Amino acid sequence: MSGEELGKEITNLKNKNKNKYTNKDNNNNNDDNDDEDQILWNSIAKNYEMIQGAQIANSFILLMALSKSTRPLSTTQISEIVTKKSKGEIFRLSSTLKDSLEYRLKRDGYVESTELKNKSIYSITAKGRKLLKGWIAFLSVYS
């Protein structure tokens with residue numbers, strides 16, 4: 001479900017149930033939020049695989065950096081992209097990126113690596129692109 005579809009679903013549910021809430025006393029005004037929360041939880045359950053992959057914020061950052069590259073990148077190149085794109089707000093030592101790449105993203109099939117002169121270079125897979133697209137849609141609901 002895209003962020004736009006989720007927003008429409010929330011609006012439709014609110015309109016459908018408008019009369020249900022207008023007669024309640026002011027002490028129960030959180031009921032509107034309960035519907036929004038339930039829709040969000042339904043979306044979370046439906047898209048759990050994508051969210052499960054999002055357990056580490058580093059993963060999102062790494063996939064963003066890899067997604068725009070037309071060739072595989074080393075951890076040093078990824079670190080440089082992250083620093084440049086975030087205007088210095090996010091800095092990751094290239095040595096710390098290898099753990100996330102190897103032991104999470106590669107293991108789960110979101111990136112693939114190739115050895116080149118005793119150095120690993122990484123690229124995003126179709127599964128990684130799908131995960132990234134889902135995260136972006138999920139985050140767009142809150143922006």
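None of the figures in this text is laboratory data; all of them are computed from the coordinates on show. The structure displayed is predicted, hence computed values, not measured ones.
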(request) Calculate one ³J(HN,Hα) per residue across the range 60-72 by plugging θ = phi - 60° into the Karplus curve 6.51 cos²θ - 1.76 cosθ + 1.60, and present them in order as whole Hz with x for glycine and proline. (result) 4, 4, 5, 5, 4, 5, 6, 5, 8, 8, 8, 9, x
(request) Averaging sequence separations of C-alpha pairs under 8 Å and six or more residues apart, then dividing by the length of the range 62-143, give the relative contact order as a whole percent. (result) 32 percent
